[in-house]
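Report on the following structure.
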Amino acid sequence: MDLDRRLSQHNEGERAEYTRNRLPVRLLYSEYFGRIENAFLREKQVQRWGRAKRLALVKGRLDQLGPLSTKPKRR
């Protein structure tokens with residue numbers, strides 16, 4: 001997929017309603033998948049993550065992804 005074109009579509013208010021209401025958007029991270037089904041599953045997985053885990057992914061801190069998967073213990 002042409003990421004520049006897709007980003008432009010989002011910023012022009014086309015397609016996804018979520019981004020249409022949060023303009024402008026910028027691309028922080030992308031992955032390539034050979035099949036759209038796999039890309040969709042990955043997108044849904046990342047959407048379930050908390051902010052700290054998503055930021056670790058964007059910053060390339062893959063070693064932090066595992067520890068961020070556990071819920072903090074309540075006191």
Angle, helix 36-48 long axis vs. longest principal axis of the chain, Cα atoms, 0 to 90°, nearest 10?
50
Using only the Cα atoms, work out Rg/Rh for segment 34-75, with Rh taken as the Kirkwood radius, to two decimals.
1.07
For A16, residues with placed amide H under 5 Å, excluding near neighbours
none
Hey, what do the phi angles of segment 52-64 turn into as Karplus ³J(HN,Hα) couplings, whole Hz, using 6.51/-1.76/1.60 and θ = phi - 60°, x for Gly and Pro?
4, 5, 5, 5, 4, 4, 4, 7, x, 8, 5, 5, 8
What number results when the radius of gyration of the chain, computed over Cα atoms, is divided by 2.2 N^0.38 Å?
1.30
Karplus-derived 3J(HN,Hα), 6.51/-1.76/1.60, for each residue of segment 22-31, Hz, glycine and proline x
9, 7, x, 10, 9, 8, 9, 7, 8, 9
Which of the GluC sites (Glu not before Pro) across segment 19-75 are loop residues per DSSP, with 13 or fewer other Cβ within 10 Å?
E31
Specify which residue in the list Y29, S8, L57 is farthest towards the positive end of the charge dipole of the chain, using unit charges on the beta carbon of Lys, Arg (+1) and Asp, Glu (-1), about the Cα centre.
L57
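Throughout, read-outs are computed from the coordinates displayed, never taken from laboratory work. Since the structure is predicted, the reported quantities are computational estimates derived from the model, not experimental observations. Heads up, the Cβs are rebuilt from the backbone with ideal geometry, glycines too, and the neighbour counts pull from every protein chain shown.
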